[in-house]
Each structure stands twice: as structure tokens, then as C-alpha cells.
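Here's the structure, in C-alpha cells; my notes come after.
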Amino acid sequence: MAEKTPLCFTRLLGHERAGEMLKRSLVTDRIPHSFIFKGPEGVGRKLFGRGFAAAINCRDSSTIGACGICSSCLKFYSGNHPDFMVVSSEKGGIRINQVRNLSRNLSYPPYESAMRVVILEDVHTMRQEAANSLLKTLEEPPENNLLILTADASREILATLTSRCQVVPFCRLSNDDTARILKGHGVSSAEALLLAHLSEGSPGRALLLKETDIVELWKDIVAVLSSGQSGADADIGVLIKLAAKMAELQENLEHLLGLLKVWFRDLLVAARVPACSKETILQFSGVDLELSPLKSWSSGQLFAKVQAIDSAQRALARNCNKLLVCEVLLFKLQ
Ligand SMILES: [Zn+2]
């Protein structure tokens, strides 16, 4: 998602509940020292935080939200507001030296605004040592600073961090809202629907899929896996070449596995719902009909394939050899 997209948090699609919670804190002038924006990646938590920061510091007191034209809002629009910071999460999470630098910065008053806003990304990936250091800042926050922590809803966050922040839940967007956002980024209607479905309501992930070759590789894999007679094995050479391409995706491999899982899950739903034809469900869910398999897999076989993807994801999380994991997975999926 574009870093500098100017958007007031009150107008972000799909986050009405979070919008209401934060609007209330603005109206009543009871803004806590820290929030945790908890939800899936790519749904717009950082964009929302940026919009909220703009709203807090907007010079036009007659609007709830950001007016978009005052000097403070214009700095947010240009991506250069001196009292807005993002502490990015590197591999292995935010590091202790980043937290120390942050607490040093927080000890100075905001440069020109009523409140400095800092977003700390992916606190669920922080190591204990760095999290402990952040806890100290959360316990005694210097005045006129708001910390917004973002965390993945499906992973465990340190309870001590959660207990010191107000939790704001974020959800996946509907396919319609996701597609609408994608169309705003110049994606065609048909592609927007497919990407909305494949990204499972995460516009950020959908845009990443669009910018990379992941969907193309996914289509190649699906074509090979689904062609031919049931029980017939795919060409080993072809599978090995595909596995090598998968391994080359590096950190994006996780996204490709997510797409394969969505596809097998769709087929599983189609196999389990006799009242609907497979075509109806696949069409409804946005999957290209050309990708529906010629092979006929039973529910049990499809379930085993979803489990095989789960087990590949676990192996990758343990840092197993990517190429080997991909080869074994494709053999199991054929
Ligand atoms: Zn303004």
C-alpha cells in the first residue's frame, strides 16, 4: 500500500468499528498513551494510524478527522511531518537499539504539534529483550506522545504489552471493499475480484501479489497439478522446475502457499456442497474457471493437500531447506 496515501481514518473502508472507537477518543479528548492495532497484515492498520495521527494534529478544530488543507495535514500528505514516526520491524522484529533510540527521542517535546505519534510495527515479532525495553517506555510514557503498536491477530503478543495498551481490533475486509480499494489503484474489475479473493480481504497483500509474479507462478502450478487423469503423476522434471521457482520467491513463498491453500479450500467447499455446482462456487468466489481442475479429487484427498501445505509452512518456519520443502510439497499436491 502506498506509504504516502493521504486518507482520513474516518473514511477508510472496512474499519468502521475501529473508526468509531478512535473517533470517540478524539471527541471526548481522552486519548490513551498507547494503542495496539491488532489484526491481519495488509488490511490498513498503518494507514489508519497515519490518518489518526493527522486527525489529532489537524489545526482545524471544527472537523473530527483531518481537514486535509491545514499546514499540519499538508505535511502528513507529503509524508514529512516532524512529529510522526514509524519504527519499522526488521527481520526478527524491532530491535533493542531501535527502542532505545525511540525512548531518547520521546524525552524531547514534540517539534511543532500537540502530540507526537509513533507507530511501532509488528510487535508480535519482537524478541523478549526488546519488548522488555519497550515495556519501560509504555509504563512511564513521556507526555504528549502517542504510541501505536501494530500486531498480527493470529500470533501471540506478550500479554504485558497488551495490558498496557488499549486494543483496537482490525478485521479482514469484504471482497467488495477490497476490490473497490484495488480499483482505486488502477486494477481492472476482473483482476480486482480475483486478487480480493486470493488475498482474503487484505488490500496490502493483494497489491503485493499484483506487483510480483506470485499469481502467475500460482497459475502455472495450478495448471500442472490439475491437468491429466486422476491418479496420473505430473512430469517430475516440470515439478522440480516449479519447485525451484517457488524457492526463489524467498520471503514471498509464504504468500504463494497461502494462494494454493485458498484454491484447495475452494475446491473442498465445492466438493462438500452438492447443491451447488463446482462452477457456481468457483465463479462466486472469484476463481478463474479455467483453473478448475480436470482431475477429480475427493474431499479426503483435498483435505490432505491443505494439511500438506500447513506442514510445509511449519517446515519453512523452522528454517528447513526451501527447495526441498517445495519439492516434497508439489509431489504431495499432484
Ligand atoms: Zn488539517
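Might you check whether a residue that is touching a residue at least 24 places away in the same chain (Cβ under 8 Å), under 27 Å from the mean Cα position of the chain (by Cα), buried (at least 16 other Cβ atoms within 10 Å of the Cβ) and more than 14 Å from the ligand (Cβ to nearest atom) occurs anywhere in region 52-60? Taking every residue of region 52-60 in turn, none turns out to be touching a residue at least 24 places away in the same chain (Cβ under 8 Å), under 27 Å from the mean Cα position of the chain (by Cα), buried (at least 16 other Cβ atoms within 10 Å of the Cβ) and more than 14 Å from the ligand (Cβ to nearest atom). L12: away from the ligand (no atom under 16 Å from the Cβ), farther than 30 Å from S133 by Cβ and crowded, with 18+ Cβ neighbours inside 10 Å, yes or no? Judged against the criteria, L12 is a match. Please determine, by comparing only the residues of region 42-51 that are part of a loop (DSSP other than H, G, I, E, B) and small (G, A, S), which one is farthest from the ligand (Cβ to nearest atom). Residue satisfying both the conditions and the ranking: G42. For region 61-104, name all the residues that are surrounded by fewer than 18 Cβ atoms within 10 Å (Cβ to Cβ), in contact (Cβ under 8 Å) with a residue 12 or more places away in the chain and within 16 Å of the ligand (Cβ to nearest atom). Those that are surrounded by fewer than 18 Cβ atoms within 10 Å (Cβ to Cβ), in contact (Cβ under 8 Å) with a residue 12 or more places away in the chain and within 16 Å of the ligand (Cβ to nearest atom): I64, G68, C70, S71, Y77, S78, G79, P82.
Taken together, the criteria place Q250 among residues that are modelled with pLDDT under 90, outside the structural domain of K91 (by TED's automatic domain parsing), closer than 18 Å to L324 by Cα and not β-branched (V, I, T).
Yes/no matrix, rows are residues, columns are (1) under 20 Å from L195 (Cα atoms); (2) in a helix (DSSP H, G or I); (3) at pLDDT 90 or above:
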position	(1), (2), (3)
V224	no, yes, no
L260	yes, yes, yes
A271	no, yes, no
E279	yes, yes, no
G286	yes, no, no
E290	yes, yes, no
P293	yes, no, no
A308	no, yes, yes
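Among the residues of region 176-196, those that are surrounded by fewer than 20 Cβ atoms within 10 Å (Cβ to Cβ) and of a type outside the set (A, V, I, L, M, F, W, C) comprise D176, D177, R180, K183, G184, H185, G186, S188, S189, E191.
Here is the figure for region 105-115: residues that are away from the ligand (no atom under 16 Å from the Cβ) and surrounded by fewer than 16 Cβ atoms within 10 Å (Cβ to Cβ) total 5.
Assess whether D29 counts as being within 16 Å of the ligand (Cβ to nearest atom), assigned by TED's automatic domain parsing to the domain that holds N144 and among the acidic types (D, E). So D29 fails the test.
The values are calculated or read from the model by the stated rules, or taken from the named source; none is laboratory data. All of these numbers come straight from a predicted model, not from anything done at the bench. All Cβ positions, even for glycine, are placed from backbone atoms using ideal geometry, and neighbour counts span all protein chains on display.
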